[in-house]
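A short write-up of the structure that comes next.
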Amino acid sequence: MIREGHEAEAMRAAKLPGNDEVAELLERIAQLLETQGANLHRVRAYRRAAGEVAAWAEPVAALAGEGARGKLEELPGVGSSIAGTIREFVHTGRVRMLERLEGEVSPEDLFCTIPGIGEELAHRIHTELHVETLEELEVAAHDGRLANVPGMGERRLRGVRAALEAALSQSTRRRARQRRLREGRADAAQGVETEDEQPSVAILLDVDAEYRREAEAGRLRKIAPRRLNPEGKAWLPILHTEREGGWSFTVLFSNTARAHELDKTSDWVVLFFERDGHEDQCTVVTETHGELKGRRVVRGREPQCLRHYNSSREGSIS
C-alpha cells in the first residue's frame, strides 16, 4: 500500500501516474520485446522492474523530478535505461520506445514534444520540410526553412530553437561533435570514432545489413503500424539486436509519408539505439549521387561512411 504523505499528495495534485500504471507500462514493453525476439536479458530487466515498481511502497513518479534525479536508479531492478523510460512517461505521458514497439513511428508526434509546436503545425512542418528527426528540425530552425512554414512566427521560432537546444544538448562536447558530423568537416575524428555517445558507422551499417538480410529472408516478426496503414496489415518487419559496447538496437523500415511517396519503404531503414539511458536514432539509405552512389550511408555521417568504405578492401571506392 502506498503510504500517505507529502509526495503522494503532490503526485495526486499533479495527476502523475501511480505505481500500478508505471508497472503496467514496463510490463507492456517487456511483453512486446519478448514477442519480437529481443534479448532475453532485456526482457527480464523490464519485467523485474515492473514487479519492483508495483511492490514499491512510495510513489515512484515522485522520484522522477529534476530535484530527485538519480533516485529512480536506486530502486531495485531499475537501471539508467529503465529510469529514463519512467521519467519520459511521468514528464510527457508517452514513451517513444513503446510507440516504436507498437509500430507508431511518427515524426509529427515527435515534433509535438517541442513546446510551441502543436499537431497542425507539426504536420505542416513534416509535410513541407520533409524532416524526420529533432536533429533535422534543428537544422531547419537555423537555416531559414522553418521560418517559412505558415504559423511559425519569429517569437515562436525563437522558443522552438531554445527548446530544441535544451532537448538535444546533453553535453557541449556531443553538440560540437554532431555539428562537425553534419558539416562534414575534415577534423571530425579523421575516420576514427573519438566519442562514445553514438555507435560507429561500421556498427550502424552492420546492423542495417543484418536487418535488410533478415527482412528479405522473412525471418523477422512483422508488426502492424497504426499510421499510413488503414487496413491494419502486419507488414513492417522489426528487429531487436545487440552490438559490442553495450548498444541495443530496434530497427524498422521507414514508415513515413515521404518514404511511401518516394517508394522507399524497403530502402530507408531507421535505427533506434540505446545504451545506459542514452537514446538516439539515425536513418540508413542507399545514396543516389556522388562518390557514395549505390552505397548504404548513414544520413548526416556521409564523410565517415566514405572513410569507412575507403578503409575497407572490399568496399574500396575508386
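The values are calculated or read from the model by the stated rules, or taken from the named source; none is laboratory data. The structure displayed is predicted, hence computed values, not measured ones. Ideal geometry is used to build each Cβ from the backbone, glycine not excepted, and the neighbour counts take in all protein chains shown.
Summary table
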{"read-out": "Which listed residue, of R94, R48, is of a type in the set (K, R), closer than 25 Å to R275 by Cβ and modelled with pLDDT under 90", "value": "R94"}
{"read-out": "When residues of the stretch 203-234 are limited to those that are farther than 22 Å from L33 by Cβ and at pLDDT 95 or above, the one nearest to the chain's Cα centre (by Cα)", "value": "L205"}
{"read-out": "Residue ID - modelled with the lowest pLDDT, chosen from residues in the stretch 284-306 that are charged (D, E, K, R) and surrounded by fewer than 17 Cβ atoms within 10 Å (Cβ to Cβ)", "value": "E291"}
{"read-out": "Complete set of residues in the stretch 108-121 that are of a type in the set (A, V, I, L, M) and modelled with pLDDT under 90", "value": "L110, I114"}
{"read-out": "Candidate set: the stretch 117-144, residues that are within 13 Å of R258 (Cβ to Cβ) and among the β-branched types (V, I, T); chosen: the one surrounded by the most Cβ atoms within 10 Å (Cβ to Cβ)", "value": "I125"}
{"read-out": "Any hit, the stretch 274-285, residues being free of Cβ contacts under 8 Å to residues at least 24 places away in the same chain, outside the structural domain of L33 (by TED's automatic domain parsing) and in a loop (DSSP other than H, G, I, E, B)", "value": "no"}
{"read-out": "Hits in the stretch 33-44 (condition: in a helix (DSSP H, G or I) and surrounded by fewer than 20 Cβ atoms within 10 Å (Cβ to Cβ))", "value": "E34, T35, L40, H41, R42, R44"}
{"read-out": "Subset of the stretch 229-247 [among the basic types (K, R) and outside any strand (DSSP E or B)]", "value": "K233"}
{"read-out": "Test result for V160, within 19 Å of V270 (Cβ to Cβ) and surrounded by 14 or more Cβ atoms within 10 Å (Cβ to Cβ)", "value": "no"}
{"read-out": "Residue among L220, L236, L228, L205 that is surrounded by 15 or more Cβ atoms within 10 Å (Cβ to Cβ), over 24 Å from E302 (Cβ atoms) and touching a helix residue (DSSP H, G or I) at 6+ places or on another chain (Cβ under 9 Å)", "value": "L220"}
